[in-house]
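The structure under discussion appears below in the form of structure tokens.
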Protein chains: 4
Amino acid sequence: MSLIEDLVVAYRTLAEEGVIDAYGHVSVRSESNPKRYLMARQLAPELVTENDILEFDLDSKPIDPRDRKFYNERYIHGEIYRARPDVMAVVHNHAPAVVPFSCVPRSALKPIFHMSAFIGLGVPNWDIRDAQKGTDMLVRTPALGQSLAKKLAAYPAVLMRGHGATCVGENLQRAVGRSVYLELNARMQFQAIVLAGSKGKITFMDAKEVAANVSWQNYDRSWNLWRTRALAKLKAEKS
Amino acid sequence: MSLIEDLVVAYRTLAEEGVIDAYGHVSVRSESNPKRYLMARQLAPELVTENDILEFDLDSKPIDPRDRKFYNERYIHGEIYRARPDVMAVVHNHAPAVVPFSCVPRSALKPIFHMSAFIGLGVPNWDIRDAQKGTDMLVRTPALGQSLAKKLAAYPAVLMRGHGATCVGENLQRAVGRSVYLELNARMQFQAIVLAGSKGKITFMDAKEVAANVSWQNYDRSWNLWRTRALAKLKAEKS
Amino acid sequence: MSLIEDLVVAYRTLAEEGVIDAYGHVSVRSESNPKRYLMARQLAPELVTENDILEFDLDSKPIDPRDRKFYNERYIHGEIYRARPDVMAVVHNHAPAVVPFSCVPRSALKPIFHMSAFIGLGVPNWDIRDAQKGTDMLVRTPALGQSLAKKLAAYPAVLMRGHGATCVGENLQRAVGRSVYLELNARMQFQAIVLAGSKGKITFMDAKEVAANVSWQNYDRSWNLWRTRALAKLKAEKS
Amino acid sequence: MSLIEDLVVAYRTLAEEGVIDAYGHVSVRSESNPKRYLMARQLAPELVTENDILEFDLDSKPIDPRDRKFYNERYIHGEIYRARPDVMAVVHNHAPAVVPFSCVPRSALKPIFHMSAFIGLGVPNWDIRDAQKGTDMLVRTPALGQSLAKKLAAYPAVLMRGHGATCVGENLQRAVGRSVYLELNARMQFQAIVLAGSKGKITFMDAKEVAANVSWQNYDRSWNLWRTRALAKLKAEKS
């Protein structure tokens, strides 16, 4: 019950913070059964309520489909949960400042802002063509999900060329927070690249700083704010 | 009735998404008579309601003008409907990140984001001076509308130099969605051009990816969100 | 009465459109006495109501000061009304994308967007140091106002280095519209300069296009929208 | 009582103006005891109310902790109040356009906009590694707070590499106003750097202009606006 409410908060927050348009999604691993995960039916994040949440198995098949439709790209979630037992939450976003970094080979995301320290653990860039050519860019099959999960490996996030990113975490608030701060880091790094010019130097966080930060960074204070906002909005919608 | 409501939703959405200021407009071909189309009287999109919608013939003459005023540029719509029997909806927008691309000969829009795949079908750039010199830049005559329609040819959108763009589709939601994602692609491509620098490479969607995406991309989930938002706002305005 | 209401609409619109922060102001020449103008007491534009509007003479002295405080820079208005009998409304703004253009000698604003055609009539750049060195940058005296008015000459707007801009018009809606579209043109031109690179060409509006556009461009449809928005907000504040 | 209300207004304003995310904070020196300061418990600024305000001594120990949690970085505040008897208010922000300037050695912030004249007094850039290597970037100890206060010296603000900035003032509204206009200056200076290109010149405020402006600039009119907005929102939350 509480986990479903948190998942609705996550959907609403990702929409509110502008890192997903109508097409992103977020899931959380079931607390009672690690071989299942919770996610919304096919619906824009801004509209998701508790009634829209369903359970899926690791093949991304809905346990109780009824007459509902599902995200075509649910294999992103199922295959990452299968490959990464440590991951409890997955966000697939279309963060707008991140996409350009996924399309320019010479520019890799690096941690420029302490709230985005997790980027220092590495954020690989997945090109769907390495798995299958001629797709519509969507992760529509288990095989594509497996390819993405393989590229993600043990990292906290993976870019998807011309598409967006997928962020993971040990809990919902970390996967959501990483999505928000991946976008903010991309905006800041873009500006730093321009300021530095072709020969200028940019000071990124060093490896020790990254390690010292990611060990505890759970986005608690943000989550408290996001949760307060989302619950107030949900309450207003009901009345 | 339902088509008129959808057209009002389209007006409100284009304003809400920031791709038209007070001066853009959207139309839809009549369901009962393919030689007619529906469009609002001369009014800012944010203010349009069902009572403002009128019918026009393909010469862009209002069927029942009464004392109302009409968009000077209605010939954009009439001449495209005449030239393109496949087109059921037309949006003329002032998308702010698109205008700079229309003014820089060396920069053509290319599909960088999978939601904007239709750009890969080609988006020509129309300079009104090729049809007539010394205008105020507005498509005020049938001849100018025909020139624009000729430049559009069979493409999904056409830029208008120093002015904006016109996007078309087989239905309203596609023409609206293309307007929103043309703008978003322009922002992302701008950033990628900066990141790539003068010698860097940008990875755009390839032709097969474009083809695989545009065959089905109807912006259904966005439309559902936009419609829900717009109808809620219209309801609040009435009470 | 109606002119005062329009002036309040102008204040609210400039704040809503983001071209003035707490420190800009707008005035209108009196309809009954061309040697007087109407402007608010010293107050952030977002808070201005009809009760805050006062009358000033062309020396920028309030006719009925009572215990109220006035904008230090009211001489911008009085001296322009004195020098320019054709001007009926003046806006002093801090348009954020315009300021950088005022600080970079090699970059002059040029008309890139048809809604901003008036820029093609010329927008000079005033450096307060040419009139007086060591000021706090504010137009605090009649002499500074006269210097600004002289630089404005017969143009529709003048940049103020490191400060903002002043836009004028034959009526309120034109001065407000020019403030909004000066900012939008600056944003678009900035992007075009980046896209064009150091050797690229930008296609601006040509002189005939500018002339054909400015002859009629009154921002009527925008004004109708802005007025509707502002009056709805004022009504909500009262209830 | 009134000072506490002002402090709540400051929290709300910094969130509303987008210069702090969930993690910034603002404090004010006690009026009755210069060896104490007031600050909120650990909470996102957007949520702070009068009940969340506590008193701290200059060692940043809460006078009446009860069961509440405190900002890890409260030493920023205590150590600056200790080192700078003239400072009555301190803001620690994560202003997003400022961070890139803190990471690019060749780019120093300079005053480009008259509302940001205080930058001309000097804004040094603090790298936490000069005090301690391998931190998580947070000012978690008195020693780190002292190092930051030493870098701030007699200046009005100090950047914190990869983190944000700290702004101080003789009163709350000045520390808040400086945070808002530090961000706006960073955005304008970024654009000017791009417009100027590698060899272009940018005209910043000169030393006399800076001096003439900072002598009186108190952001009174902004503060009146911000206070009106924040109190209206607080009132709406209670009802």
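Scanning region A:198-218 for residues that are farther than 17 Å from residue D:139 by Cα and hydroxyl-bearing (Ser, Thr, Tyr) yields a count of 2. Among the residues of region D:181-199, the ones that are open to solvent by 20 Å² or more (accessible area, probe 1.4 Å), in contact (Cβ under 8 Å) with a residue 24 or more places away in the chain and over 19 Å from the mean Cα position of the chain (by Cα) come to 2 in all.
Condition first: at pLDDT below 95, within 14 Å of chain D (Cβ to nearest Cβ) and farther than 16 Å from residue C:119 by Cβ. Can you find one or more residues in region C:200-209 that meet it? Scanning region C:200-209, I find at least one residue that is at pLDDT below 95, within 14 Å of chain D (Cβ to nearest Cβ) and farther than 16 Å from residue C:119 by Cβ, so the answer is yes.
Condition check ((1) of a type in the set (A, V, I, L, M); (2) at positive phi) across all residues:
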{"position": "D:12", "(1), (2)": "no, no"}
{"position": "D:18", "(1), (2)": "no, yes"}
{"position": "D:32", "(1), (2)": "no, no"}
{"position": "D:70", "(1), (2)": "no, no"}
{"position": "D:77", "(1), (2)": "no, no"}
{"position": "D:95", "(1), (2)": "yes, no"}
{"position": "D:112", "(1), (2)": "yes, no"}
{"position": "D:115", "(1), (2)": "yes, no"}
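Looking only at region C:10-20, count every residue that is surrounded by fewer than 24 Cβ atoms within 10 Å (Cβ to Cβ) and over 22 Å from residue D:181 (Cβ atoms) and tell me the total. Working first, answer last.
Here is the first cut: in region C:10-20, the residues surrounded by fewer than 24 Cβ atoms within 10 Å (Cβ to Cβ) are C:12, C:15-18.
Then keep just the ones that are over 22 Å from residue D:181 (Cβ atoms); that gives C:12.
Total satisfying the criteria: 1.
Counting only residues that are in a loop (DSSP other than H, G, I, E, B) and open to solvent by less than 70 Å² (accessible area, probe 1.4 Å), region D:64-75 holds 7 of them.
Would you tally the residues in region A:92-115 being under 21 Å from residue D:97 (Cα atoms) and in contact with an Asp or Glu (Cβ under 9 Å, 6 or more places away or on another chain)?
Number of matching residues: 7.
Being over 15 Å from the mean Cα position of the chain (by Cα), away from chain D (no Cβ under 13 Å), in a loop (DSSP other than H, G, I, E, B) and not polar (S, T, N, Q) is the requirement here; does residue C:59 meet it?
Numbers: over 15 Å from the mean Cα position of the chain (by Cα): yes; away from chain D (no Cβ under 13 Å): yes; in a loop (DSSP other than H, G, I, E, B): yes; not polar (S, T, N, Q): yes.
So residue C:59 fits the description; yes.
A quick yes/no check of all residues on (1) among the basic types (Lys, Arg); (2) under 19 Å from residue D:7 (Cα atoms); (3) modelled with pLDDT of 95 or more:
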position: D:141; (1), (2), (3): no, no, yes
position: D:151; (1), (2), (3): yes, no, yes
position: D:155; (1), (2), (3): no, no, yes
position: D:160; (1), (2), (3): no, no, yes
position: D:164; (1), (2), (3): no, no, yes
position: D:167; (1), (2), (3): no, yes, yes
position: D:171; (1), (2), (3): no, yes, yes
position: D:175; (1), (2), (3): no, yes, yes
position: D:179; (1), (2), (3): no, yes, yes
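Here region D:35-49 is the region considered, the condition is being of a type outside the set (Ser, Thr, Tyr) and open to solvent by 20 Å² or more (accessible area, probe 1.4 Å), and the residue that is farthest from the chain's Cα centre (by Cα) is D:35.
Screening the candidates A:96, A:111 for the property of being touching a helix residue (DSSP H, G or I) at 6+ places or on another chain (Cβ under 6 Å) and not polar (S, T, N, Q) yields one hit, A:111. Scanning region B:95-145 for residues that are buried (at least 24 other Cβ atoms within 10 Å of the Cβ), more than 14 Å from residue B:162 (Cα to Cα) and facing another protein chain (nearest Cβ under 10 Å) yields a total of 7.
Answer yes or no as to whether residue D:221 is within 24 Å of residue C:137 (Cβ to Cβ) and of a type in the set (Lys, Arg). Before you say what the answer is, go through the steps one by one.
Details: within 24 Å of residue C:137 (Cβ to Cβ): yes; of a type in the set (Lys, Arg): yes.
Spelling it out, residue D:221 is indeed within 24 Å of residue C:137 (Cβ to Cβ) and of a type in the set (Lys, Arg).
For the structure I just gave you, tell me whether residue B:32 is more than 14 Å from chain C (Cβ to nearest Cβ), of a type in the set (Ser, Thr, Tyr), over 17 Å from the mean Cα position of the chain (by Cα) and open to solvent by 10 Å² or more (accessible area, probe 1.4 Å). Before the answer, list the steps.
Working: more than 14 Å from chain C (Cβ to nearest Cβ): yes; of a type in the set (Ser, Thr, Tyr): yes; over 17 Å from the mean Cα position of the chain (by Cα): yes; open to solvent by 10 Å² or more (accessible area, probe 1.4 Å): yes.
Yes: the conditions hold for residue B:32.
Among residues belonging to region B:200-239 that are within 26 Å of residue C:188 (Cβ to Cβ) and more than 24 Å from the chain's Cα centre (by Cα), point out the one that is surrounded by the most Cβ atoms within 10 Å (Cβ to Cβ). Once the filter is applied, the top-ranked residue is B:202.
Could you grab me the full set of residues in region B:76-106 that are assigned to a helix (DSSP H, G or I) and not charged (D, E, K, R)? The answer is B:76, B:77, B:78, B:80, B:81, B:83, B:99, B:100, B:101, B:102, B:103. You will find that of B:227, B:178, the residue that is farther than 25 Å from residue C:197 by Cα, in contact (Cβ under 8 Å) with a residue 12 or more places away in the chain, basic (Lys, Arg) and in contact with a Cys (Cβ under 6 Å, 6 or more places away or on another chain) is B:178 and no other.
Consider residue C:23 against the criteria (1) open to solvent by less than 30 Å² (accessible area, probe 1.4 Å); (2) free of Cβ contacts under 8 Å to residues at least 60 places away in the same chain: it satisfies all of them except one. Which criterion is unmet? Against the list (1) open to solvent by less than 30 Å² (accessible area, probe 1.4 Å); (2) free of Cβ contacts under 8 Å to residues at least 60 places away in the same chain, residue C:23 comes up short only on (2).
The values are calculated or read from the model by the stated rules, or taken from the named source; none is laboratory data. No experiment lies behind these values; they were computed from the predicted model shown. Cβ atoms come from the backbone with ideal geometry, glycine included; neighbour counts cover every protein chain shown. Ligands, DNA and RNA are stripped out before the accessible areas are found, and what is left, the full protein with its side chains, is counted by its heavy atoms. Shrake-Rupley method; radii C 1.70, N 1.55, O 1.52, S 1.80 Å.
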